[in-house]
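Below: one structure, written as C-alpha cells.
Bear in mind that the values in this text are calculations on the coordinates, not laboratory data. This structure is a prediction, so every number in the text was calculated from the model and none was measured. Here the Cβ is made from the backbone with ideal geometry for all residues, glycine too, and neighbour counts use every protein chain on show.
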Amino acid sequence: MDKKYIFCPNEKCKYFRVPGRDNIEVKQTQGKCQKIDLMRCKECGALFSERKGTVYFGIHFADDVFDEVMMLLMTRASIKDIERITRVNEKTIQRWERKAAGYLKEIHEKLVRELKITECQIDELWTFVLMKRKTVQRKGRVGEGNIGDQWIFMALDPVDKLLIHWKIGKRDLETAKEFIRELKGKLASSPLFTTDEWPAYEEAFLSNFSEEVPLEPRKGRGRPRVKPIIKPDKDLKLAQTHKYREKGRVVKVSEEIIFGDEKEIEEIIQKSPVSNRINTSFIERGNGTFRAKISRIVRQSYSFSKNKEMHESHITIYAVYYNLIWKHSRLKKTAAWLSGLVDRAYTFRELFQLRDPEFIWGH
Ligand SMILES: [Zn+2]
C-alpha cells in the first residue's frame, strides 16, 4: 500500500491528518491473507493499521481481491461469474459494493463542485428493481417506492464528458425537482440545459431557478390575489428536444426554448466545440457513449439489483469509474481530467487508498 498520504488518525495529535512529516513508522507486520503493517505515530504513540481510513479497512481479503471484484463489476461478468473467479461470495461482494460506493460517492462530492460549464445535458434511463411495473401491479405492491420501475436521472457536461450528477428514483415531479436542486448545487455557472420533452422538467427547473414576485395588493373592491408570480431567473436557459417517432423510429427532431434568451442560446451553440444544434445527443447517442455504457452496466446488474440500495451502489461505482478511471478512447483522458478537476487518470487502488480526498485534491 502506498504510504505517501498516511497520517496520524489521533485527533489530539499535532500531526492529525498531516501526512508527510516522518512521524509514522512501521511497528510490526501482521495479517493472514496479506501482510498488513501496523503503524505507529512517533509523535503521540498511536498504533493503527496501514489500512485505517481506506476502503480496505476491516475487510478480510487482500487489497488485490477487492480491486479485482470492483473491476469485474464494471464488466459484463455476472455476480456468479465474479464469485467463481474471485472466490468471494455474493453477500460479501454486495457488502463491498456498498462500502466502495459510499466511499466513491464522497470522493465525487468533494471533487465535482463549483463547476463552470457552458452546456449541460440531462437524460433519464429506465431500469427496474426486483420487478417491472406490470409485475408490481399484478402483485399488488404499487405503494412501495423502492421496487419496480426506477429511473436514473443523469446530468452530463457534453464538452468534457463529465458526469456531474445522477439520481435514482421514480419518474415523477418530486424526483425531478430534487435532482435539479442537487445539480444546481454543483454549478458555479448558468449553462444551457437541454432535456427531452418530459413535461416535468419545466416545473422542476422553474421551482429551482426562480423567484416569487409579490403582487401589489389590488386597490378597490374584489378579493386580493394571493398567488405570487413566479419569475424564472434571468440567466436560466432551458431547451428541450422533441422527437417524432414512426413505428418506434425517430423520424424528426425539433427543438424548443423553454427558458432563456434565444440569441444567448444560439451563441452558446455556435461557440460549442461539440454541439451544432440544441440536442441531448451526447448523452443519448449510441455506441461508445455514456448512456450505452451505463445501460449495459445496469442490465448486467439486474441479476442482483434486488433492492434499490444495491442498484444505487452499482451505479455510483460505475459513475466514478467512468469519471476518474476510464479513459475516453479518442481523447486518451478521463472525463475528470478533461474537465481540469484532476491532472491524470486514477485507478481503483489509488482511489480506495485515499484517506482524505479533500486533502489530496486541495479543495
Ligand atoms: Zn500522532
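Data overview
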item: Inter-label distance for residue 234 and residue 34, nm, one decimal - labels placed 7 Å from Cα along Cα-to-Cβ; result: 5.5
item: Listed residue pairs exceeding 22 Å between alpha carbons, taken from 184/234; 116/234; 3/91; 116/333; 186/243; 139/308; result: 3/91; 186/243
item: Charge sum, other residues only, whose C-beta stays under 9 Å from residue 9's C-beta, Lys/Arg counted +1 and Asp/Glu -1; result: +2
item: Residues of type aspartates and glutamates that residue 12 reaches as a straight line, Cα spacing below 13 Å, ignoring anything fewer than 8 places off in the same chain; result: 43
item: Whichever lysines have a C-alpha closer than 17 Å to that of residue 327, once near sequence neighbours (fewer than 8 apart) are set aside; result: 161, 293
item: Low-density loop cleavage sites - trypsin sites (Lys or Arg not before Pro) in segment 101-130, where at most 13 other Cβ are within 10 Å (DSSP); result: 116
item: Two-site label geometry, residue 210 and residue 245: point separation in nm, points 7 Å out along Cα→Cβ; result: 2.9
item: Global size of segment 1-52 as Cα Rg and Dmax, reported in angstrom; result: 10.6, 33
item: Qualifying GluC sites (Glu not before Pro) in segment 1-61, DSSP loop, other Cβ atoms within 10 Å at most 12; result: 11
